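K.L.:
The structure follows.
The values are calculated or read from the model by the stated rules, or taken from the named source; none is laboratory data. Everything numeric in this text was worked out from a predicted model, so none of it was measured. Counting neighbours? That spans all protein chains shown, and the Cβs are built from the backbone with ideal geometry, glycine included. Protein only, heavy atoms only, side chains kept; ligands, DNA and RNA dropped before computing areas. Shrake-Rupley method; radii C 1.70, N 1.55, O 1.52, S 1.80 Å.
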Amino acid sequence: MKAAVRKWEAVRAFAQGLPEAVMEFPWGPEDCVVKVNKKIFVFLGGLDGPQSPGLSVKLKDEALHGHAMTAPGAEPTGYGLGRAGWVFVPLGVKGAPSLDVLCEWVEESYRTVALKRHVKELDARPEEGPAVRNESTG
């Protein structure tokens, strides 16, 4: 469970670091989301709920969506969001995706809802390699 919490925290930090990303708690402290341009690009939930940590991302790219759906415990996000490409991925299960893969999915979800200027700003950033991301996971 500690590894899942560290991964959740690292994904949250990555998401918040994207251009003009804002973390909010629209339904209370156990419902963390990260938005850009007032649109959610990742549902992170919380750490104190009955479920192990997980996240939901919007993956319009068929290959990425298909890959995400093969993750252990992955399923279309509830409330009808799954029909729009949203996938829920638990982090506390054996074989859960690596931090790099999760960050790739979060970035792809960001790109689907961000304005063109946000994507342009993101693309202008120097490449952040796995070594940088993995520092935050211990």
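K.L.:
Can you give the longest run of the chain that contains no trypsin sites (Lys or Arg not before Pro) sitting in a DSSP loop with at most 14 other Cβ atoms inside 10 Å?
P.N.:
Result, exposed sites excluded: 95-138.
K.L.:
I've got another one for you. Suppose all protein chains stay in the model; what accessible area per residue would a 1.4 Å probe give for the range 1-83, in Å²?
P.N.:
Details: 4640 Å² over 83 residues.
Dividing the accessible area of the range 1-83 by its residue count gives 56 Å².
K.L.:
Please get the size of the charge dipole for the chain, origin at its Cα centre, with Cβ charges of +1 on Lys and Arg and -1 on Asp and Glu, quoted in debye to the nearest 20. Display every interim value, and only then the final one.
P.N.:
On the way: 17 positive and 18 negative charges, 47 e Å.
For the chain, the charge dipole is close to 220 debye.
K.L.:
Here's something else I'd like to know. Quote to one decimal, in nm, the extra length available between Trp27 and Arg117 on full extension: 0.36 nm per residue of separation minus the C-alpha distance between them.
P.N.:
29.5 nm
K.L.:
Can you tell which of Val33, Val42, Val93 shows the greatest fluctuation in a Gaussian network model of the chain with Cα springs below 10 Å?
P.N.:
Val93
K.L.:
Let me ask another. Measure off, as a whole percent, the carbon and sulfur share of the 1.4 Å-probe accessible area of the range 44-123, all protein chains present.
P.N.:
C and S fraction of accessible area: 52 percent.
K.L.:
Something else now. Would you work out the relative contact order for the range 4-136, in percent, from Cα pairs under 8 angstrom that are 6 or more residues apart?
P.N.:
Reported as a whole number, the value is 25 percent.
K.L.:
Please enumerate, by chain and number, the lysines with C-alpha under 22 Å from the C-alpha of Lys94, excluding those fewer than 8 residues away in the same chain.
P.N.:
Filter leaves Lys2, Lys7.
K.L.:
Are there chymotrypsin sites (Phe, Trp or Tyr not before Pro) in the range 12-119 that DSSP puts in a loop and that have at most 12 other Cβ atoms within 10 Å, and which ones?
P.N.:
Loop-located and lightly packed - Trp27, Tyr79.
K.L.:
Would you mind checking the radius of gyration and Dmax of the chain based on alpha-carbon positions, in Å?
P.N.:
13.9, 40
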